[in-house]
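The values are calculated or read from the model by the stated rules, or taken from the named source; none is laboratory data. Predicted model, so just to flag it, every value in this text is computed and none were measured. Here Cβ is always computed from backbone atoms with ideal geometry, including for glycine, and neighbour counts include all displayed protein chains. Calculation scope for accessible area: heavy atoms of the full protein, side chains included, ligands and nucleic acids excluded. Shrake-Rupley method; radii C 1.70, N 1.55, O 1.52, S 1.80 Å.
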Amino acid sequence: KASSVLNLVLIDCHDLGRHLGAYGQATVPSPQLDRLAAAGVRFASSFSTAPQCSPSRAALYTGRYPHANGMFGLAHAPFNWRLHAGETHLARLLRDAGYWTVLVGVQHVTAWQEDAVAELGFAESRRAQNARHTADQAIDFLDDAPREPFFLNIGFDEPHRDGHGAYKQAPADRSQGVAIPPYLPQTPEADGEFADLQGVIGALDEAIGRVWAKLEEAGLMERTWFIFTTDHGLAMPRAKCTLFDPGIETALIMLAPALGLTGGRVIDELISHVDLVPTVAEILGMPTPAGVQGQSFAPLLQGAAYSAREEIFAEKTFHTAYEPQRAIRTHRYKLIWNVEASIINVPADVMKSPLYPQMIGEITRERPPFELYDVVVDPLERVNLTEDSDYASVFADLKRRLLCGMEET
């Protein structure tokens, strides 16, 4: 279908991973996002390129890995990492193609000043205070009969931990019980943390549902591509800022009647956030920026011949301190290279979790240079297979492929 007239609404949020009902977390109150998944397309194997906010978002919005686009660490002070000059943010790509580009809420790839946001390619930006206010601001924009085609980029702060390292932005929610992921201790402290987290996710979910409802009420959904994702995994020990699956797994859900992205389809192929920009460019009929390192999955969405990814790559170089790691993950195996094995950098918000003292011995012990996991047999990534002779050929192959991926990008 003629897709150049499609509006694009792309919503991202902090620190969610796949912690939603639609991804099997039955106690999470996420009815709107679950309904979106049932109405649209849900990606079961979507991953970020990095387990921290700014690097993952920079890759999502440029189609280039953090080590290539310059966003090695956090964008806010005192770290102040920035995209290299000449990097093309998705907002710039769309604005140059004639889209009215609007940011509502959070972005985390440059300074907060209006001129810095404009430099990314946004024609206007609206700050927001919380999930409800973010939805209000997006709805205000849609109420103003916006110029089409438009790119509405909505960034939710939730469910990032608050300034005290807790989840107190909304009342705790135990309406469907509380389930704690198996990589964490099953303790009363964890139960309390996840009840609080569920409340904050519920507030996020309600806000997204309001934006979706406004699109439908305004008659815009039939010519809009609606995308929801998150930057990386939950802000929990052994998740955020690690290259274990809980650190890099991401929800990715799309709805677009004009593109046939409907019906509750589930896509199992490996997808990296670095693939989104080339996919958007191809479907919306505009040139892919030079130097894009992701792989368009437009043919997959359109039912055409598609060469599926055999692996995704993830990395960490600098969060609040230098801690270089690289990883490759296939459908079956994960290899993590701890380039500086003795450096352990736990993010400050995770250190404030009551679970951190319960796991500190596990988290802060020196790591081996390499970690090899069979993520099918060992989904919690507990048994390092690098010394197992039965996996010697797998180990050698993944080291080779990881190095090739690094050299190519």
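Taking the listed residues HIS164, HIS160, the one that is in a loop (DSSP other than H, G, I, E, B), within 28 Å of ARG382 (Cα to Cα) and open to solvent by 10 Å² or more (accessible area, probe 1.4 Å) is HIS160, with no other qualifying. Scanning the stretch 226-250 for residues being hydroxyl-bearing (Ser, Thr, Tyr) and in a loop (DSSP other than H, G, I, E, B) gives a total of 1. The single residue among TRP100, TRP81 that is at pLDDT below 95 and not β-branched (Val, Ile, Thr) turns out to be TRP81.
Scanning for something within 24 Å of ASP196 (Cβ to Cβ), open to solvent by 20 Å² or more (accessible area, probe 1.4 Å) and among the hydroxyl-bearing types (Ser, Thr, Tyr), does the stretch 16-26 turn up at least one residue? Yes, that holds for at least one residue. When ALA314 is tested against (1) closer than 30 Å to LEU94 by Cβ; (2) of a type in the set (A, V, I, L, M, F, W, C); (3) not in a strand (DSSP E or B), only condition (3) is not met.
Contact map, the stretch 55-75: first residue polar (S, T, N, Q), second residue open to solvent by 10 Å² or more (accessible area, probe 1.4 Å) and in a helix (DSSP H, G or I), Cβ cut-off under 9 Å, separation 6 or more or different chains; pairs are THR62/ALA68. Checked against (1) open to solvent by less than 30 Å² (accessible area, probe 1.4 Å); (2) of a type outside the set (D, E, K, R); (3) within 23 Å of the chain's Cα centre (by Cα), PHE141 meets all criteria but (3). Beta carbons closer than 6 Å, at least 6 apart along the sequence or on distinct chains, pair a first residue in the stretch 229-247 that is under 23 Å from VAL41 (Cβ atoms) and open to solvent by less than 10 Å² (accessible area, probe 1.4 Å) with a second that is in a strand (DSSP E or B) and not β-branched (Val, Ile, Thr) for THR229/ASP12; THR229/LEU252; THR230/CYS13; GLY233/GLU249. Number of residues in the stretch 387-409 that are surrounded by fewer than 16 Cβ atoms within 10 Å (Cβ to Cβ) and either in contact with an Asp or Glu (Cβ under 7 Å, 6 or more places away or on another chain) or charged (D, E, K, R) (or both) equals 7.
Might you let me know whether the stretch 389-406 holds any residue that is in a loop (DSSP other than H, G, I, E, B) and either of a type in the set (S, T, N, Q) or in contact (Cβ under 8 Å) with a residue 12 or more places away in the chain (or both)?
The answer is no, given that none of the residues of the stretch 389-406 is in a loop (DSSP other than H, G, I, E, B) and either of a type in the set (S, T, N, Q) or in contact (Cβ under 8 Å) with a residue 12 or more places away in the chain (or both).
Matching residues to (1) charged (D, E, K, R); (2) closer than 30 Å to ALA75 by Cβ; (3) touching a His at 6+ places or on another chain (Cβ under 7 Å):
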residue	(1), (2), (3)
GLU193	yes, yes, no
ASP205	yes, yes, no
GLY209	no, yes, no
GLY219	no, no, no
ARG223	yes, no, no
THR242	no, yes, no
ALA258	no, no, no
GLU269	yes, no, no
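Could you tell me which of the residues GLN113, GLN107 is surrounded by fewer than 24 Cβ atoms within 10 Å (Cβ to Cβ) and modelled with pLDDT of 95 or more?
Working: GLN113 fails: modelled with pLDDT of 95 or more.
GLN107 is the lone residue from the list that is surrounded by fewer than 24 Cβ atoms within 10 Å (Cβ to Cβ) and modelled with pLDDT of 95 or more.
Determine whether the stretch 345-367 contains at least one residue that is at pLDDT below 95, open to solvent by less than 50 Å² (accessible area, probe 1.4 Å), closer than 30 Å to ASN80 by Cβ and touching an Asp or Glu at 6+ places or on another chain (Cβ under 6 Å). Scanning the stretch 345-367, I find at least one residue that is at pLDDT below 95, open to solvent by less than 50 Å² (accessible area, probe 1.4 Å), closer than 30 Å to ASN80 by Cβ and touching an Asp or Glu at 6+ places or on another chain (Cβ under 6 Å), so the answer is yes.
Could we say that PHE141 is out of contact with any Lys or Arg (no Cβ under 6 Å at 6 or more places or on another chain) and under 23 Å from PRO289 (Cα atoms) here?
Details: out of contact with any Lys or Arg (no Cβ under 6 Å at 6 or more places or on another chain): yes; under 23 Å from PRO289 (Cα atoms): no.
No.
Considering the conditions (1) open to solvent by 20 Å² or more (accessible area, probe 1.4 Å); (2) part of a strand (DSSP E or B); (3) touching a Phe, Trp or Tyr at 6+ places or on another chain (Cβ under 7 Å), ILE253 is excluded by exactly one of them, (1). Identify the residue in the stretch 295-309 that is under 22 Å from ALA91 (Cβ atoms) and assigned to a loop (DSSP other than H, G, I, E, B) and, among all such residues, is most open to solvent (accessible area, probe 1.4 Å). Filtering first and then ranking leaves GLN295.
Against the test of being part of a strand (DSSP E or B) and touching a residue at least 60 places away in the same chain (Cβ under 8 Å), the options VAL292, VAL266 yield a single qualifying residue, VAL266. Quick check, is GLU87 surrounded by fewer than 21 Cβ atoms within 10 Å (Cβ to Cβ) and either charged (D, E, K, R) or under 30 Å from PRO171 (Cβ atoms) (or both)? When the stated conditions are applied, GLU87 does not pass them. Screening ALA195 on (1) free of Cβ contacts under 8 Å to residues at least 40 places away in the same chain; (2) surrounded by fewer than 21 Cβ atoms within 10 Å (Cβ to Cβ); (3) touching a helix residue (DSSP H, G or I) at 6+ places or on another chain (Cβ under 9 Å); (4) not basic (Lys, Arg) shows it passes everything except condition (3).
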